[in-house]
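Report on the structure given below.
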Amino acid sequence: MSLYPIIWAAEHAPVVDAEERAILMALVMKGDFDGLNCFRSYKTLAKVARVDEKTAGRRCRALESRGVLKRQEKHCSPVWSAIPESQRPVIWEAMIPAEWWSAAQLADINEQRANLGRVPITPENRPALGEAPPKKERADKGTKRPKKKPVSEGEGTASPGGDPGTTSPHPQDYKSPPPGLQVPQPSESPSESPSENNHAVADAVGKSAGGFARADSGASAAGESGTAGGGSAASEPQLPPQRKSSPRPQTTKTRPRKESAGFEMVRGAVPVAVARPGTRLYPGLHRAINDLLDGNAEAGIPRRTPEQVIARMNRRWYGEDADVRAASDYRGCERCTATGCTSPRRGPDDADGCDRIKNPSSWLAAALIAQDCPDPGCEDGQIIGAGACQACQKRREEHREAARVVAEARARWEVDTETYGAARAALDAWTAAETAEERRLRQTLGATGLYGAKLDHHVQRHLSGWRDRNPKPAAPARSGSHERREATA
């Protein structure tokens with residue numbers, strides 16, 4: 001997984017709405033650094049993007065029709081190839097435009113692609129994308145919302161004191177006091193009894209009434225205690241409990257990731273040209289070593305021993321002459337300089353490219369994960385934890401048969417070459433003798449005063465007799481390879 005495709009899908013991809021963005025992000029987060037090998041079943045996409053399964057398929061096809069996604073045919077992932085053919089999902093390529101990356105980022109991306117045998121990203125194979133179509137408008141856009149029914153004045157609740165002038169917007173409920181009350185003016189109170197009036201005020205304003213009442217007054221006692229009906233506890237609103245701790249989860253301190261068993265042993269065998277002893281490894285190389293030591297089920301990589309990883313690394317590095325190709329004085333093409341090379345990398349799609357290794361760490365990381373055998377568990381022709389690899393044996397037999405055919409063809413060519421050379425030499429010697437005889441005769445007859453047509457007649461008659469005495473050798477049979485050699489000579 002790489003952040004480049006995720007950032008592009010989250011902020012820059014021309015999507016119509018949030019559904020398409022969620023589906024595109026769920027797709028590219030499982031792809032490669034350059035947008036290749038993006039595959040997930042529609043069921044998984046629907047689960048991650050929180051949409052229907054049919055919606056996921058419809059949205060992917062819509063992105064394909066606009067050029068944002070493209071069905072991929074080459075560079076298929078080993079994990080995808082390991083899926084049964086009847087269950088394989090569509091494998092997509094996210095068409096991230098070449099102009100989206102900066103020049104430095106694009107150079108790094110293309111270098112990694114070259115190490116994997118992929119063609120570089122250019123404006124031709126990754127063109128700019130058009131704007132997304134406008135989002136479909138709501139059907140009720142421009143329609144006014146219906147007005148809510150106002151609350152009538154008669155729906156309030158009278159105060160417990162029986163004052164008809166005090167109302168509350170809440171329904172009657174004897175268990176929970178209303179949060180706010182409207183206090184009438186004293187002159188508007190119809191009660192003439194002091195005790196009844198004190199109770200009404202206490203019910204309305206709570207503690208304040210008790211504070212100004214007499215010490216022996218029952219209303220004040222009830223107002224200050226908060227336990228009798230009509231006190232402050234009955235009239236004041238109940239506030240929610242205050243939060244004593246932050247709702248955010250506490251920060252969990254994690255330990256650094258433990259190295260795989262045998263990692264230090266493999267680290268000590270890393271070539272000095274890749275990383276000097278005591279220095280940190282390139283993250284991609286570090287991850288590749290751990291994947292080989294621990295195994296990676298998603299990538300189809302089985303677990304290997306440290307000795308197997310070291311042997312694999314030596315085969316890749318020294319078997320490909322990487323120590324020579326990574327040297328600063330190595331020139332892999334005419335455009336190589338002491339500071340670098342701007343030519344395309346050599347690969348299956350470009351046999352004439354430059355084979356200089358510009359970044360040894362990324363090259364070795366890609367080479368460690370690369371698998372020449374279709375079986376990911378094959379190591380030196382042996383299946384890890386099993387017997388010999390049948391695919392490798394068959395491939396070796398095919399190589400031996402091809403080498404035998406080439407050797408026989410070469411032997412026939414050498415014999416044909418010797419025969420052809422001898423016949424050609426005899427013909428060349430006869431032609432040289434004929435030319436020398438003609439030159440000698442012309443010089444002799446010319447000295448006697450013959451010239452012109454008479455001289456030519458005597459020369460042709462003499463050479464005719466000479467050819468009868470010295471027959472011309474047969475011309476050598478020329479094969480196609482000899483004809484090509486003569487044409488280029």
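The values are calculated or read from the model by the stated rules, or taken from the named source; none is laboratory data. Since this is a predicted model, take the numbers as computed values, not measurements. Don't worry about glycine lacking a Cβ; one is built from the backbone with ideal geometry, like all the others, and counts go over all protein chains shown. Heavy atoms of the whole protein, side chains included, go into the accessibility calculation; ligands, DNA and RNA do not. Shrake-Rupley method; radii C 1.70, N 1.55, O 1.52, S 1.80 Å.
Write down the accessible area per residue of the range 281-395 in Å², having rolled a 1.4 Å probe over the full set of protein chains. Don't skip to the answer; put the middle values down first.
Working: 6010 Å² over 115 residues.
Solvent-accessible surface per residue comes out at 52 Å².
In this structure, the amide hydrogen of Q382, modeled 1.01 Å from its nitrogen in the peptide plane, lies closer than 5 angstrom to those of C389, counting only residues at least 5 positions away or on a different chain. Placing dummy labels 7 Å off each Cα toward the beta-carbon, the span from E307 to E137 is 7.5 nm.
With r as the distance between the Cβ atoms of I83 and D108 and R0 = 41 Å, compute the FRET efficiency 1/(1 + (r/R0)^6) and round to 0.05.
Numbers: r = 31 Å, r/R0 = 0.74.
In this case the efficiency is close to 0.85.
Checking the cross-link pairs K43/K70; K43/K136; K54/K135; K47/K244; K54/K141; K30/K244 against a 30 Å limit on the alpha carbon distance flags K47/K244; K30/K244 as lying beyond it. Counting protein heavy atoms only, the range 30-155 has 52 percent of its accessible area on carbon and sulfur, 1.4 angstrom probe.
Test of understanding: what is the full-extension gain from T44 to R440, defined as 0.36 nm times their sequence separation minus their Cα-Cα distance? Don't jump to the answer; show the numbers that get you there.
Values: separation 396, 0.36 × 396 = 142.56 nm, distance 9.52 nm.
Between T44 and R440, full extension yields 133.0 nm more.
Quick check: at a probe of 1.4 Å, how many percent of the accessible area of the range 294-453 sits on carbon and sulfur atoms? Present the calculation step by step, with values, prior to reporting the outcome.
Values: 5260 of 9840 Å².
About 53 percent, which is the carbon plus sulfur part of the accessible surface.
Give the shape of the range 327-416 as rounded, prolate or oblate, defined through the alpha-carbon gyration tensor: a ≥ b ≥ c are the square roots of its eigenvalues, a/c under 1.5 means rounded, and otherwise the shape is prolate if a/b is larger than b/c and oblate if not. Numbers along the way, then the final one.
Details: a/c = 3.45, a/b = 1.24, b/c = 2.78.
Because a/c hits 1.5 or more and a/b fails to exceed b/c, the range 327-416 counts as oblate.
Mind checking the full-extension length gain between A388 and A299? Use 0.36 nm per residue of separation minus the Cα-Cα distance, one decimal, nm.
That pair, A388 and A299, stretches by 29.8 nm at full extension.
For the range 417-425, backbone phi angles converted through the Karplus equation (6.51, -1.76, 1.60; θ = phi - 60°) give residue-by-residue couplings of 5, 5, 4, 5, x, 5, 5, 5, 5 Hz, Gly and Pro being listed as x.
For the range 1-68, the per residue solvent-accessible surface stands at 48 Å², with DNA, RNA and ligands left out and a 1.4 Å probe. Put simply, the amide H of N296, placed in the peptide plane, has neighbours under 5 Å in I301, leaving out anything fewer than 5 places away on its chain. The length gained on full extension between D321 and A453, counted as 0.36 nm times the residue separation minus their Cα-Cα distance, comes to 40.4 nm. In sequence order, the range 100-106 has phi-based couplings of 6, 7, 6, 4, 5, 5, 5 Hz under the Karplus curve 6.51 cos²θ - 1.76 cosθ + 1.60, θ = phi - 60°, and Gly or Pro positions carry x.
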